[in-house]
Amino acid sequence: MKDFESFVKTYSTRDFIYFFSQKSIEIYKEHIHSSKKFGCSMMFPLESFQYGFFRRTTNVMLLAWDIPNMAYLSIINANDYRKNIMTEEMAGIGVNLYRGYENKYSGSEYLKNARLPDLHKYVMGMSYEQFKYENPEWVYQNFNRNYHILIGSLSINRDGLVDANMITKEIFEFTVEETLALEWAVLWLCYNCPFPLSLPEKVYRKKDERILTKNNIERIIDYYSVTYEQVRKSPLGKQIFYSKPFVITQKKREKLAVSIYLVQMMLADGLYWLIRDYYHNNQKGQVFVNAFGEMFEDYFEELMGEYLKNGFWHKIPENKKKSADYYVEFEKAVFIFELKSGMLGIGAKQQTPNVDLIDIFYKRNIEKAYNQLKNSELEYKGDKPVIKIFLLYESMPSNTQMIISSLPELFEKDSNCYVMTIEELEMFLTTYKKDRVKFDNIVSRLITSENGARRYKSVFEVLREYQATENMQFTGEKDYFEKIVHSYIGEHTE
């Protein structure tokens, strides 16, 4: 039997990518309109023979996060001039062979010798990628949060950065709002077709005929496109599609979306990475990193001022001993926060994660910062329990439990220490505002039990148990996504 790479070598790359990109659209539409347990998947029939003569039909599962790697392997191993065209009849065989390929390159050697904390670390990388597919709601939250911090909020100091409109005008000749409206239009077009530029202008040129033109949309797609040759040479492997979700085909120079999910991620993170990449490309990457860290602190202070009374929270002054950033005093406990805006390396966010990048993230954002939290805890003179928090900007609510499990040398010894994402903090404060009794119960559950054991692996685990995952932060005037869509596009259905 052929392996997947031998199989894919016989198929036209353009048609292979188009076929499975169309499947990503079908998976996505089914995902958002149903409550399937495995929302990001599709089944294909696979016929086999038992004992050489007994025909049997089974199903093989295609997962949404398989598609970028399948497209990558097609580009690496084939080209547009191969004679076979992918069909529904052959898809089951191809997906089944991919399952075998995935098992072969699943990192089993690492897992074979890994300790239990290392297994949790590995699963954290895998589940990070899956979370982005399984939870469409994060797109709107992430879009709005990035916009609020980088553009929208009047409380955040951006003096250390070039105006974002200057950056988007230099790249595209559009304002930030025009750029984001066009990115939304690209996403909407990709809901309908993997080749968005093939659709007629009248489909999208409705409310704003000045901005929503084919030429302008093509300018956005060009920026996020990559050739086969660039894919083959990239050290990122298939992860290149997370920053460049469109491929330029070899034969006809069409620009195809690899997966609708990747285009969705482009919109969610686009503004942040446009600005960060601008600084990186001008050899000033650290300038942006430092400035964004300060802006993250400004956002934290804005949240505190919005949800809590004056006197509840304080910025911890710097002294000879390195300290944490803030402390917040509630009725039942004091929370000490160390804010970390650093991002997990892209190679760590995949089904076979680069564990070295996870170790680097842990060292920079958790291990080195622990003493700062501990120093601030020792400075506290009151009698309330102290809960120490590493607050991450990175959106990974379901992964904070895995981080804690993969660092037992820290979190098992200190059971009043947690990792929290900024999204979890917004949920936490929403609960405080809406239901004080529920909030106090959640805080009580976070405090170490009488025997000193950790009750919960993560804050998110407690929030879910108490059905406290509502996030009020980006509604009404702060729903920038809805405002931009309404201004430029009008009514939308997805």
Fill in the blank from the handout: Flagged pairs (Cβ under 8 angstrom, 6 or more apart or on separate chains; first in segment 426-438, farther than 17 Å from Phe312 by Cα; second open to solvent by 10 Å² or more (accessible area, probe 1.4 Å) and not in a helix (DSSP H, G or I)) are Met427/Thr469; Met427/Glu470; Met427/Asn471; Lys434/Glu470; Lys434/Met472; Lys438/Tyr466
Practice task
For segment 191-213, indicate whether the set of residues that are acidic (Asp, Glu), under 29 Å from Ile17 (Cβ atoms), assigned to a helix (DSSP H, G or I) and open to solvent by less than 40 Å² (accessible area, probe 1.4 Å) is non-empty.
Solution key: no
Exercise for the section: Select from segment 234-291 the residues that are among the aromatic types (Phe, Trp, Tyr) and open to solvent by less than 20 Å² (accessible area, probe 1.4 Å) and write down the one among them that is nearest to Gly39 (Cα to Cα). Expected result: Tyr261
Handout entry: Members of segment 441-472 found to be buried (at least 16 other Cβ atoms within 10 Å of the Cβ) and of a type in the set (Asp, Glu), listed by number
Key = Glu461
Practice task
Note down all Cβ pairs under 7 Å where the first residue falls in segment 45-62 and is closer than 13 Å to Val95 by Cα and open to solvent by 100 Å² or more (accessible area, probe 1.4 Å), the second is at pLDDT 85 or above and among the aromatic types (Phe, Trp, Tyr), and they're at least six residues apart or on different chains.
Solution key: Asn59/Phe44
Exercise for the section: Using the structure shown, decide if Leu410 is of a type outside the set (Lys, Arg), buried (at least 18 other Cβ atoms within 10 Å of the Cβ) and in contact (Cβ under 8 Å) with a residue 12 or more places away in the chain. Expected result: no
Problem - Residue list for segment 428-476, restricted to those being more than 21 Å from the chain's Cα centre (by Cα), under 20 Å from Glu137 (Cβ atoms) and of a type in the set (Asp, Glu) - result: Glu465
Practice task
Within segment 138-172, count every residue that is open to solvent by 50 Å² or more (accessible area, probe 1.4 Å), in a loop (DSSP other than H, G, I, E, B) and either touching a Lys or Arg at 6+ places or on another chain (Cβ under 8 Å) or touching a residue at least 40 places away in the same chain (Cβ under 8 Å) (or both).
Solution key: 5
Exercise for the section: Filter segment 234-260 for residues that are assigned to a strand (DSSP E or B) and of a type in the set (A, V, I, L, M) and give the result. Expected result: Val247, Ile248, Leu256, Ala257
Practice task
Inspect all residues belonging to segment 311-323 and state whether any of them is touching a residue at least 40 places away in the same chain (Cβ under 8 Å), more than 26 Å from Ile360 (Cβ to Cβ), open to solvent by 10 Å² or more (accessible area, probe 1.4 Å) and not hydrophobic (A, V, I, L, M, F, W, C).
Solution key: no
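The values are calculated or read from the model by the stated rules, or taken from the named source; none is laboratory data. Fair warning: this is a prediction, and the values are worked out from it, not measured in the lab. Glycine also receives a Cβ, built like all others from the backbone with ideal geometry; neighbour counts cover every protein chain displayed. Accessible surface areas use protein heavy atoms only, side chains included; no ligands, DNA or RNA. Shrake-Rupley method; radii C 1.70, N 1.55, O 1.52, S 1.80 Å.
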